[in-house]
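Trainee: After the structure tokens below, expect a handful of questions from me.
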Amino acid sequence: MSDITVYQPDFLYEGGRLLEGRPLAVGADGRVIDASSVPAGASVVRLPGRALLPGLVNGHSHAFQRLIRGRTEYVVSGREADDFWSWREAMYRAAESLGPEDVYVASRQVFVEMALAGITTVGEFHYVHHQQDGTPYADRNTLAHAVIRAARDAGLRICLLRVGYARAGFQVAPNPRQRRFIDPDVDTFLASAESLAREVRGDSAVSVGLAPHSVRAVTREWLKVLSGVRGFPVHMHVAEQPKEIEACLAEHGRRPVELLSDLGLLRPDFTAVHGVHLTAEEVSMLGTARATVCACPSTERNLGDGIVPADALVKAGASISLGSDSQAHVDLLDEARQLEGHLRLARLRRAVLDPGGGEVSGLAARLFDMATMEGARSLGVPTGTLAPGAPADFFTVDVGHPSLVGAGPSSLLASIVLGAEKSAVREVAVDGRLVVRDGRHPLAEESGRAFQSLARALYP
């Protein structure tokens, strides 16, 4: 009996199209192999009524923020309006309260939700590091390990983006609500990230990146040091809010992207998260550097951040990836729809990100690449494709789902990317191992009960 498994869906995603009658062959090592060279005796898994696609890559996540979903959607008494900064204060309540097991429980819940939505890889922008009073744990990576364990238990591949946080801001007094985030110096931050990378080296589904939080939270000196570090993807919040830009101008006389360019951080391995408030010159800088901008439209809408100028960025040569960020919503294909939809409202026209050519699936293929290949590139992971040699990370969609009824072969991809409901996702695999079967995750009930208990304890 062969150790090879052959999946036989009705449609297989290849090269921006869904092709009929194509199988996917997976070797014993969990990697895709050439289906034409499969020996007799391979195990065959038939998936009638399914389209099989590369697993989605969530480029930016704050897992613990799943706890505040639905709990910040109001204006606090005595205030005239709510915005990012008042939301941030509400978010700190959760950040201040969680112990290692709480971090695990909260993270596992949202990672299970991600798996059920077809997400197979998550980039976790992790910035809660220390004990509640700010004292480091004996192992500085205790909470990072809790998040990684949650992802692996849920079946996901994870890139732990270890966040560096030095201060509350330029000429801003220390904020005691941020004491769990702060490292004393850049060397301590780098040592923690490098130690974590060594500790997870035995698991091919776990990797580590560097994440200086923002120009607000780290100094020029930190950024200069980090510009000389290689071997890690680098992610950073950039130009999410106008106040961030004002502070950067006051401190450095430069806008955030200009500062990063001056310091040599804009490179193909750099990802600017959000990139909402950019000048034309900054767009050009990001494009010239072949950097990535990770758009998180559901969060950018929820927080009133603004709209990512994805059309201008793509035209300039930058890549676009997608993230769920604050977990107000976990549906990466819907993030793609919102990215395009926000641009339609801003530009007053349709199909803004369509690459041209008159193809029915052209826009959908571009958006799907952002949700897969571009996210994988941003995180430095070998996923986002089902080419031979790649990890067999994939999800299937029920083509008979009510949200897809009526789609023909030529319009099926567009229907999935631009119209399928999350419940259409049925099977999900990471490294060839099914973690969701027929729309069910084995940890869903257990995880939900634990998360419910945690949420009630935190918000009685």
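Trainee: State which residue pairs qualify: first residue closer than 13 Å to T299 by Cβ and open to solvent by less than 50 Å² (accessible area, probe 1.4 Å) and inside the stretch 63-91, second residue of a type in the set (D, E) and in a helix (DSSP H, G or I) in any location, beta carbons under 9 Å apart, and separation of 6 or more residues or different chains.
Mentor: Here the result reads R66/E113, each pair linking the stretch 63-91 to a residue that is of a type in the set (D, E) and in a helix (DSSP H, G or I).
Trainee: Are there strands (runs of 3 or more DSSP E) fully within the stretch 1-108 with at least 3 residues that are closer than 24 Å to A205 by Cα? List them.
Mentor: 5-14, 24-26, 43-54, 56-61
Residue-wise test of (1) at pLDDT 95 or above; (2) crowded, with 23+ Cβ neighbours inside 10 Å; (3) of a type outside the set (V, I, T).
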| residue | (1), (2), (3) |
| --- | --- |
| G384 | yes, yes, yes |
| V397 | yes, yes, no |
| V436 | yes, yes, no |
| H441 | yes, no, yes |
| E445 | yes, no, yes |
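Trainee: Now, a different point. Only one of R149, R140, R201, R167 is part of a loop (DSSP other than H, G, I, E, B), open to solvent by 10 Å² or more (accessible area, probe 1.4 Å) and touching a helix residue (DSSP H, G or I) at 6+ places or on another chain (Cβ under 7 Å); which?
Mentor: Unique residue meeting the criteria: R140.
Trainee: In the stretch 303-328, how many are surrounded by 21 or more Cβ atoms within 10 Å (Cβ to Cβ) and over 18 Å from A239 (Cα atoms)?
Mentor: 1
Trainee: Pick out the one residue from F84, F64, F111 that is over 26 Å from E427 (Cβ atoms) and under 15 Å from the mean Cα position of the chain (by Cα).
Mentor: Details: F84 fails: under 15 Å from the mean Cα position of the chain (by Cα); F111 fails: over 26 Å from E427 (Cβ atoms).
From the options F84, F64, F111, the qualifying one is F64.
Trainee: Pick out the one residue from E340, E335 that is among the acidic types (D, E), assigned to a helix (DSSP H, G or I), in contact with a Leu (Cβ under 8 Å, 6 or more places away or on another chain) and more than 30 Å from D203 (Cβ to Cβ).
Mentor: E340
Trainee: If you don't mind, another one. Pick from F189, F125: which is under 22 Å from H60 (Cβ atoms), aromatic (F, W, Y), touching a residue at least 12 places away in the same chain (Cβ under 8 Å) and assigned to a helix (DSSP H, G or I)?
Mentor: Within the list F189, F125, the selection yields F189.
Trainee: Kindly evaluate A154 against the criterion of being closer than 23 Å to S261 by Cα, touching a residue at least 12 places away in the same chain (Cβ under 8 Å), open to solvent by less than 10 Å² (accessible area, probe 1.4 Å) and not acidic (D, E).
Mentor: Considered against the rule, which asks whether it is closer than 23 Å to S261 by Cα, touching a residue at least 12 places away in the same chain (Cβ under 8 Å), open to solvent by less than 10 Å² (accessible area, probe 1.4 Å) and not acidic (D, E), A154 comes out as no.
Trainee: I would also like to ask the following. Of everything in the stretch 241-265 that's in contact with a Ser or Thr (Cβ under 8 Å, 6 or more places away or on another chain) and assigned to a loop (DSSP other than H, G, I, E, B), which residue is nearest to E281 (Cα to Cα)?
Mentor: R255
The values are calculated or read from the model by the stated rules, or taken from the named source; none is laboratory data. Everything numeric here is computed off the predicted structure, so don't read it as measured data. We place every Cβ from the backbone using ideal geometry, glycine too, and count neighbours over all the protein chains shown. To get the accessible areas, we keep the full protein, side chains included, count just its heavy atoms, and leave off ligands, DNA and RNA. Shrake-Rupley method; radii C 1.70, N 1.55, O 1.52, S 1.80 Å.
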